[in-house]
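The structure appears right after this line, and notes come after that.
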Amino acid sequence: MSGHHHHDQDENISGARLLATMLLNFAITVIEIIGGLLSGSLSLISDALHNFSDGIAIIISYIALHLSMKPRTSQYTFGLKRAQILAAVINSAVLLAVCIYLLREAFDKLLHPQPVDGGLMLIVASFGLIANLVGTWLLHRGSKNNLNIRSAYLHLLSDAVSSIAVILGALAIKLFGLTWIDPLLSIVIAIYVGWESWKIIQTAVDVLMLKVPGNITLEELESKLAELPGVCDAHHIHLWQVDDRDIHFEAHIAVDDALLSATAPIAVQIEQILHDDFGINHVTLQFEAGSCLTGNH
């Protein structure tokens with residue numbers, strides 16, 4: 001019970017931090033659009049759109065976080081835990097689309113450079129960097145164990161890196177007139193963020209498609225179960241994740257013909273092994289009569 005309470009407390013903290021970062025993002029968006037229009041900086045406007053998409057992403061993450069905390073019902077027997085996985089897919093897909101847009105704009109800027117007020121660009125980008133660093137810090141803790149928070153965290157981290165690139169671009173424009181550095185940095189950032197987003201999408205889709213968690217080898221799991229005294233074999237095994245925390249396991253366990261009560265100690269052993277060695281926290285077992293031919297069993 002204490003573990004469940006601690007989990008809910010973590011979710012509430014993450015929710016409050018998501019709200020704070022959402023307000024930061026929308027503030028950055030307004031300031032960067034105004035700054036971009038006044039300075040003639042396309043990279044500032046692009047960064048503003050990036051921040052705006054992140055604000056929307058954080059709203060999605062916040063809603064998903066609260067949906068996932070709702071208790072299960074007769075219609076949703078797992079609750080709404082996968083709302084966070086769906087949010088991670090949506091957020092990362094949006095970020096991929098933004099990366100493609102930024103790549104297109106960056107290449108266009110390389111081919112058709114335009115005059116920019118580097119001084120104003122530098123001031124606005126510096127504000128954006130500070131706000132994004134604060135948001136990144138707020139979500140860092142929750143991003144370690146939650147795919148949904150991680151996708152929002154990645155949005156903010158990419159924004160912070162983008163702000164650094166815009167600052168460097170502004171300095172290059174102001175000091176040396178090197179307008180090509182800004183779009184070049186934007187291309188590098190877009191490729192990096194796109195790759196990280198693609199990895200989150202792959203992980204989330206694996207969860208949705210009921211793939212065996214990447215840290216578990218089914219052959220090793222079957223081998224450990226087969227070594228238990230009284231177990232003939234394990235078959236009809238299903239192993240999947242509901243979200244990035246809850247791993248479920250179900251299987252038919254063949255044992256020598258015995259009273260049902262005799263299988264209770266075996267079930268306890270199996271659950272202990274699955275929990276300690278593989279991090280599986282939901283186990284469903286169906287015992288059936290088998291024929292253990294080896295002497296070890």
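Could you grab me the full set of residues in region 261-278 that are touching a residue at least 40 places away in the same chain (Cβ under 8 Å) and touching a strand residue (DSSP E or B) at 6+ places or on another chain (Cβ under 6 Å)?
Leu274
Quickly run through region 56-73 and pick out the residues that are closer than 19 Å to His248 by Cβ and hydroxyl-bearing (Ser, Thr, Tyr).
The answer is Ser68, Thr73.
Ala20 - would you say it is small (Gly, Ala, Ser), surrounded by fewer than 18 Cβ atoms within 10 Å (Cβ to Cβ), within 23 Å of the chain's Cα centre (by Cα) and assigned to a helix (DSSP H, G or I)?
yes
Find the residue count for region 171-207, including only residues that are under 21 Å from Tyr101 (Cα atoms), of a type in the set (A, V, I, L, M) and either modelled with pLDDT under 85 or touching a Phe, Trp or Tyr at 6+ places or on another chain (Cβ under 6 Å) (or both).
Number of matching residues: 10.
Check Gly79 against each of (1) touching a residue at least 40 places away in the same chain (Cβ under 8 Å); (2) in contact with a Lys or Arg (Cβ under 6 Å, 6 or more places away or on another chain) and name the one condition it does not meet.
(1)
Of everything in region 109-121, what is more than 13 Å from Leu38 (Cβ to Cβ) and part of a helix (DSSP H, G or I)? Give them in sequence order.
The answer is Lys109, Leu110, Leu111.
Please work out which residue is modelled with the lowest pLDDT, limiting yourself to region 1-47 and to residues that are over 14 Å from Phe127 (Cα atoms) and touching a Phe, Trp or Tyr at 6+ places or on another chain (Cβ under 8 Å).
Checking each candidate, the answer is Gly15.
Could you name every one of the helices (runs of 4 or more DSSP H) located completely within region 136-229 that has at least 3 residues being out of contact with any strand residue (DSSP E or B) (no Cβ under 6 Å at 6 or more places or on another chain), more than 23 Å from Leu86 (Cβ to Cβ) and of a type in the set (D, E, K, R)?
Because the criterion is at least 3 residues that are out of contact with any strand residue (DSSP E or B) (no Cβ under 6 Å at 6 or more places or on another chain), more than 23 Å from Leu86 (Cβ to Cβ) and of a type in the set (D, E, K, R), the helices (runs of 4 or more DSSP H) in region 136-229 that meet it are 218-226.
Which one is farthest from Thr136 (Cα to Cα), of the residues in region 46-85 that are touching a Gly at 6+ places or on another chain (Cβ under 7 Å) and surrounded by fewer than 18 Cβ atoms within 10 Å (Cβ to Cβ)?
The qualifying residue farthest from Thr136 (Cα to Cα) is Arg72.
Please go through region 249-283 and give me each residue that is modelled with pLDDT under 90, of a type in the set (S, T, N, Q) and either within 20 Å of Ile216 (Cα to Cα) or part of a loop (DSSP other than H, G, I, E, B) (or both), ordered by number.
Asn281
The values are calculated or read from the model by the stated rules, or taken from the named source; none is laboratory data. Note that the structure is a prediction, hence the values are computed from the model and not measured. Cβ atoms come from the backbone with ideal geometry, glycine included; neighbour counts cover every protein chain shown.
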